Amino acid sequence: MALVLAPEPPVRDWLESLDSQISRSPSFFAGRPVVLDLGALPTETPDVAGLLRTLSERGIRIIGTEGAHPSWQGLEAWAPLHANGTRPARPIDVPEEPVPATPPSQDGNSLLIDQPVRSGQSIAFERGDITIMGSVASGAEVIAGGSIHVYGALRGRAIAGLTGNSRARIFCRKLEAELLAIDGVYQTADDMAPALRGKPVQAWLAGEAMMLAKLD
Amino acid sequence: MATVIVVTSGKGGVGKTTSTAALGAALAQSGQNVVVVDFDVGLRNLDLVMGAERRVVFDLINVVQGDAKLPQALIRDKRIDTLSLLPASQTRDKDALTAEGVTRVISELREKFDWIICDSPAGIERGATLAMHHADAAVVVTNPEVSSVRDSDRIIGMLDSKTAKAERGERMDKHLLLTRYDPARATRGEMLKTEDVLEILSIPLLGIIPESEEVLRASNLGTPVTLGSPNSAPAKAYIEAARRLRGETLVVSIPAERRGFMGRLFGRRAVA
């Protein structure tokens with residue numbers, strides 16, 4: 001799901017209200033893909049590219065634009081989206097969350113599953129790590145914003161670092177996986193060294209390459 | 001108190017209907033009051049395997065939709081009077097089953113019987129989910145083949161999430177019934193090993209039913225194998241499985257290959 005931001009004229013006022021929004025819920029845009037709807041801006045708006053840069057500097061991840069006027073310069077980095085009638089149905093309420101004084105507790109950032117993940121099941125946890133006390137079956141998938149720990153056989157798919165976390169890792173007691181992915185870099189079973197099959201293994205990213213090694 | 005059991009598998013052709021009939025008959029033979037219910041609406045088979053196809057007047061759909069009373073649709077077995085069948089409709093499809101209707105039928109059956117054994121259709125759609133919804137326990141029928149094992153795993157996941165018991169936050173007992181086990185192919189390594197299946201599915205083993213001509217013959221004759229040839233290897237395995245369902249603890253025996261004369265000859269030579 002992507003969020004849609006629609007800047008309104010006057011842009012300066014809109015930016016101010018956006019800033020106050022961000023100060024009230026600092027993590028709201030973290031890791032969320034954003035589509036910018038520029039349709040409300042008048043054609044003669046100066047320096048639209050500058051506005052987009054300003055948003056990027058605020059940590060907003062723009063994945064595309066909509067409604068840009070053909071005369072605007074400097075938007076090449078943000079490709080226009082051709083949404084086929086899939087416009088969002090309603091505006092989203094931004095939750096008011098207090099600025100955390102201390103980092104969130106470990107509990108809030110990890111998910112523990114104490115039973116096997118069965119074929120066809122999908123466990124997704126974008127906020128952090130997933131630990132599974134059991135096996136992940138063929139045809140099941142586990143998707144985490146952080147790392148994935150499987151204290152059993154990993155026979156399905158494990159997708160770690162979903163929110164752009166290249167330091168995420170995947171650990172399993174027995175590697176039989178169909179697919180491993182970290183921050184968009186993936187390997188299928190065919191790509192994995194046969195010597196690692198059935199072994200306790202960890203996977204991590206070294207640059208753009210996925211590395212796999214036995215744990216013991 | 002009545003126990004509702006769903007016999008399920010995900011995959012078709014693994015032996016759900018045969019196992020429903022054999023387990024139902026075995027439980028009834030031990031004096032329990034048993035009804036076997038065919039949930040495979042549109043592809044009715046249990047009546048054939050039970051040898052009651054010519055006695056079907058009303059069916060599950062008639063009862064679900066209120067066109068017939070439950071006692072009118074129940075068919076009592078001619079060989080064991082504690083065994084009954086509630087047949088499916090062959091002319092309708094699964095959409096004719098309503099959740100409320102099934103709930104009502106199951107609660108009526110609970111008052112009449114000790115065991116309600118529901119034969120689930122293959123697949124994971126409406127028919128299968130309605131068959132499992134009211135179950136207290138499940139018998140997961142699996143062949144020692146990778147496709148069957150993965151489909152069973154999918155079904156186990158649904159038993160843990162889509163049933164009334166799961167919705168109440170309770171845990172459903174699940175039993176693995178390994179069917180069509182071929183000792184000869186197992187020794188040649190052409191099938192998944194029992195321990196591999198158990199490791200993947202991680203649910204307790206109810207029994208191992210050997211692949212046998214007797215099972216096929218029993219199905220075609222309309223006689224559950226535990227009734228027709230109670231001394232055959234598959235019948236013994238089903239009878240033991242039924243005793244385990246009743247809570248007895250019995251060691252599961254892995255069927256060994258019955259070797260022919262030449263096999264015995266070579267076997268002895270190898271030992272000598």
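Some notes on this structure:
- Applying the criterion of being open to solvent by 30 Å² or more (accessible area, probe 1.4 Å) and among the hydrophobic types (A, V, I, L, M, F, W, C) to the residues of the stretch B:17-60, the residue that is farthest from B:Arg92 (Cα to Cα) is B:Leu48.
- Selected residue (only one of B:Ala235, B:Ala218 is among the hydrophobic types (A, V, I, L, M, F, W, C), at pLDDT below 95 and buried (at least 18 other Cβ atoms within 10 Å of the Cβ)): B:Ala218
- Filter pass, B:Ser161 being within 14 Å of another protein chain (Cβ to nearest Cβ), assigned to a loop (DSSP other than H, G, I, E, B) and out of contact with any Lys or Arg (no Cβ under 7 Å at 6 or more places or on another chain): yes
- Any hit, the stretch B:116-127, residues being open to solvent by less than 10 Å² (accessible area, probe 1.4 Å) and within 14 Å of chain A (Cβ to nearest Cβ): no
- Among the residues making up the stretch A:43-58, a single one is in contact with a helix residue (DSSP H, G or I) (Cβ under 8 Å, 6 or more places away or on another chain) and more than 12 Å from A:Leu15 (Cα to Cα): A:Thr45.
- Residues that are among the hydrophobic types (A, V, I, L, M, F, W, C) and either open to solvent by less than 30 Å² (accessible area, probe 1.4 Å) or free of Cβ contacts under 8 Å to residues at least 24 places away in the same chain (or both) within the stretch A:16-29 comprise A:Leu18, A:Phe28, A:Phe29, listed in sequence order.
- Exactly one residue out of B:Leu130, B:Leu109 is away from every other protein chain (no Cβ under 14 Å) and more than 17 Å from B:Gly10 (Cα to Cα): that is B:Leu109.
- Restricted to the stretch A:153-173, and to residues there that are out of contact with any Asp or Glu (no Cβ under 9 Å at 6 or more places or on another chain) and open to solvent by less than 40 Å² (accessible area, probe 1.4 Å), the residue that is nearest to the other protein chains (Cβ to nearest Cβ) is A:Cys172.
- Of all residues in the stretch B:164-175 being touching an Asp or Glu at 6+ places or on another chain (Cβ under 9 Å) and closer than 26 Å to B:Ile208 by Cβ, the one that is nearest to the other protein chains (Cβ to nearest Cβ): B:Arg171
- In the stretch B:173-193, the residues that are more than 22 Å from B:Gly12 (Cβ to Cβ) and touching a residue at least 60 places away in the same chain (Cβ under 8 Å): B:Pro183, B:Ala184, B:Thr187
The values are calculated or read from the model by the stated rules, or taken from the named source; none is laboratory data. Computed from a prediction, not measured in an experiment: that's the story for all the values here. A quick note on method: Cβ atoms are made from the backbone with ideal geometry, for glycine too, and the neighbour counts reach across all protein chains shown. When the accessible area is computed, the model is the full protein with side chains, heavy atoms only, and any ligands, DNA or RNA have been set aside. Shrake-Rupley method; radii C 1.70, N 1.55, O 1.52, S 1.80 Å.
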